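The structure appears below as structure tokens.
The values are calculated or read from the model by the stated rules, or taken from the named source; none is laboratory data. Since the model is a prediction, treat every value here as computed from it, not as a measurement. Positions of Cβ are backbone-derived with ideal geometry, glycine not excepted, and every protein chain shown enters the neighbour counts. For accessibility, only protein heavy atoms count, side chains too; no ligands or nucleic acids. Shrake-Rupley method; radii C 1.70, N 1.55, O 1.52, S 1.80 Å.
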Amino acid sequence: MNANGNLLDLIEKHWGFRELRPLQGPAIDAMMARRDSLVVLPTGGGKSLCYQAPAVALSLRGEGPTVVVSPLISLMKDQVDSLRSNGIAAAQLDSTLGADERRQVTDELRAGRLDLLFVSPERLVMPAFQDFLRELGVRTFAIDEAHCISHWGHDFRPEYRQMAMLKEVFPGCNVHAFTATATERVREDIVAQLKLDDPAVLVGNFDRPNLTYRILPRQELMKQVVEVLDRHKDEAGIVYCLRRRDVDDYVKTLNGLGRHALGYHAGMTGEQRHKSQDAFLQEKCDLIVATVAFGMGIDRSNIRFVIHAGMPKSIEAYQQETGRAGRDGLEAECVLFYSGADLFSWKRLIEKSVAEAKEAGTEVAADFVASSMMHIEAMDRYCRSAVCRHKALVEHFGQTYEAPGRGADDADGDGESKIGCGACDHCLGDTQEIPDATVLAQKILSAVARTGERFGIGHVMAVLRGSERERVLQLGHNKLSVYGLLKGHEDRELRDFIYQLIGQGVLAQESVEIHSGTTASILKLNAGSWEVMKGKRTVRLVQPVRGAKKPEKRKDAASWEGVDEALFEKLRELRRALAGAQNVPPYVIFSDNTLRDLARQRPSSPQNMRLVYGIGERKMKDFADRVLPLIAAHCRQSGAALDQRSGFERAAVAPRPVSKMSDPKRQAYVMFEKGAAVDEVSAAVGRARATVSEYLAEWVETERPETVAAWVPDAVYARVKAAAEKRGTRALRPIFMELDETVPYDVIRWVVAHLRALESVKRA
Ligand code: ADP
Ligand code: ZN
């Protein structure tokens, strides 16, 4: 960010953030410079701050309130609650307000007391309302969920179209559009529809490094789901299902297993749905089982896992649904339990919906089936692909993926990182490629050929496994050369391989009518099958690692480091109580990040509480008298120290975006904290000494330890310091020369990092 240093202060004051997320700076700059903009950031990327902070500043500058257009009343309400809890004057005007409330808002607007006004698109297009806004001198508009304006988006809303009039009705106004939908076509459509004038187009990185993606074969679903739940005790999550009746079933099963789960789907009454959603947002229930109807407007930022019990209908949907996890930037897990059968379930669902539409006389767009199938097949390929999940996802959205460890790990300089994302099933080693996959595939395909391409998966598997079931014997299939060829394999494993072959296009599945009205799926060979059988084409098959330890929850070392977990739980309890009393969702009071930092720093005074992440002036004033006594009592009881690592040393230190760090680096940081030697760390994290030496310099500079005596003897430190005072710290070489080349560059770098750290503490 350039010209808007004051805005940083304002953000710190109200939001308690000391650092901006990627593109927030340029987005804020554009708005402050009164240049139209289109900001595309993934869910959780921090779009709201991009217009909320400038709105406050513009209002202070006398440019009137900013009008924010948002499609859902519930979304508006949350934003308004959050803003007010940060001491910002915001309000909404919507159909739920009574006449008195409405008058109060309009009075406040006339008195110039509001910085932000949230409205629905329907209201904005009303001429009388437009007159009112003109009277107020409104000249800044922020359009949230701007993709709703485009036919090409996944969520078109006709009422958004009418906002094309903004530029005409409010001459000279500025319009700022925000969306998480990245495709080029939608982007261009937004710019054209809203008639943005030479907009700053800011498109963020679509990778969500804090999410761990796992796509695992669905075997015993409930058991698998419970395993994930067990990794996330007392944490919030969503289980997505394809069908309403699955929702009802799973809710019953899970509750039977003693897990408190609520359902949500479009077949429930509005009241029931509301109850589920509220319980989830109020943190009275941490587990929702839902169809995709649940999601839009779910702004709970501490969702720690999203489970898909079946494959979503597109990669876009997958990105969006998984994107609801970890919006606070902390680690979260997304597990999809996949079966090749999902592709066919979707196909049937689409056929059914087309048939229903036709019956009802509704027109179905000519390419609806084709385009839906295209999306589903892309998703299916994504599930089967053995490529890093982060990489494949980001590339689908037309971006290039840079693994977090890149650079330091690129020892041979070929530009490819060697550690992968460290946050997906493939890179974490949950799956492995099976050796001799092509030979195995040939056996399966031969069995399809020998049985005459007339049978379904079940029968082909029975033959391959040497089953003695009646049908096999009756047909004489126990005499075939392929009988019992894959005896050693389990049913579900074989089934998964067969689906993988179908997914790779080397085996086909067809519906045939057996009696009138009943159909069955049979396996058929295709051109690809013959290529494989003739050895002209190879296939790859993957399977979960056998006997591997269960995937562990990735506990972000840095984000939990130093956190007193017992205190964290107590603070969570307090947060729930405060939220209940104010009738707002708990995250409006404090985010999980803030709770962790409170439980880490354990401030003893209001001043020190202000140093905690996410605590601005207002939150400090409102909650210090509840939070501080709780912390003090806890520390007295448990003997934990107060005011940890915060003090004034860290006053101006931004919390590091931990999720961007590679795992080895994170691990190294934890070891430095304990004073571990460079060689020791190098061995432990598997990185070259030179790399670890760089890590140490960075750590010293950002973490500002009191001393670096663990790595540099006092006498050497004194000499380097003296040389640095003489020659400056801008370059290392002059210091090296000043010391007659007797002190290695490494050591100089660490000392210089420390001197800089001390310097910045003084400045702060
Ligand atoms: P989006 O609308 O893009 O999905 P939000 O605006 O809801 O994202 O922001 C997601 C979360 O990130 C919120 O909890 C918000 O408070 C937090 N956040 C936003 N900007 C910052 C920042 N600069 N530093 C720390 N947290 C931030
Ligand atoms: Zn990966």
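Quick look at the numbers
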item: Accessible surface, per residue, of the range 6-203 when the full set of protein chains is kept, probe 1.4 Å, Å²; result: 38 Å²
item: The chain: angle of helix 565-582 to the longest principal axis, Cα-based, in degrees nearest 10; result: 80 degrees
item: Straight-distance crosslink candidates among aspartates and glutamates, where the alpha carbon sits under 15 Å from residue 195 and sequence neighbours closer than 8 are dropped; result: 36, 168
item: Accessible surface, the range 432-544, averaged per residue in Å² (probe 1.4 Å); result: 52 Å²
item: Alpha-carbon radius of gyration plus Dmax, which is the widest Cα pair, for the range 433-475 in Å; result: 11.3, 37
item: Helix 47-60 axis, angle to the chain major axis (alpha carbon atoms, nearest 10°); result: 30 degrees
item: Accessible surface of residue 21 - all protein chains present, 1.4 Å probe, nearest 10 Å²; result: 90 Å²
item: Percentage of interatomic Cα-Cα distances in the range 211-430 larger than 21 Å; result: 58 percent
item: Order of exposure, largest accessible area first, which applies to 698, 271, 453, 680 with probe 1.4 Å; result: 271, 680, 698, 453
item: Angle in degrees between helix 714-727 and the longest Cα principal axis of the chain, rounded to the nearest 10; result: 70 degrees
item: Cross-link reach list, lysines versus residue 665, counting only Cα pairs under 26 Å and skipping chain neighbours closer than eight places; result: 391, 418, 549, 550, 553, 555, 674
item: Magnitude of the charge dipole, the chain, Cβ model with Lys/Arg +1 and Asp/Glu -1, debye to 20; result: 920 debye
item: Volume per residue that the Cα convex hull of the range 6-203 spans, once the total is divided by residue count, Å³; result: 109 Å³
item: The range 702-760 versus the range 171-191: alpha-carbon centroid distance in Å; result: 50 Å
item: Debye log10 I(q)/I(0) at q = 0.17, 0.18, 0.30 Å⁻¹ for the range 312-373, Cα point scatterers; result: -0.73, -0.78, -1.25
item: Rounded to the nearest 20 debye, dipole of the range 211-430 from Cβ charges on Lys, Arg, Asp, Glu; result: 720 debye
item: Accessible-area composition of the chain, carbon plus sulfur, in percent [1.4 Å probe]; result: 50 percent
item: Bins of 10 Å, starting at 0 and running to the largest distance - Cα pair percent for the chain; result: 2, 12, 19, 23, 20, 13, 8, 3, 1, 0
item: Entries in 223/347; 233/570; 77/167; 313/352; 284/570; 443/524 that, when Cα-Cα distance is taken, lie over 18 Å; result: 223/347; 77/167
item: Packing-based order for 582-590, 372-380, using average beta carbon neighbours within 10 Å, highest first; result: 582-590, 372-380
item: Ellipticity estimate at 222 nm from DSSP helix runs (n ≥ 4, -39,500 (n - 2.57)) divided over the chain, nearest 500; result: -14000 deg cm²/dmol
item: Cα centroid separation, the range 340-362 to the range 212-275 (Å); result: 24 Å
item: Rounded Å value of the spacing that divides the Cα centres of the range 310-324 and the range 43-77; result: 27 Å
item: Dipole of the chain [Lys/Arg +1, Asp/Glu -1 at C-beta], most positive-end residue of 143, 303, 616; result: 303
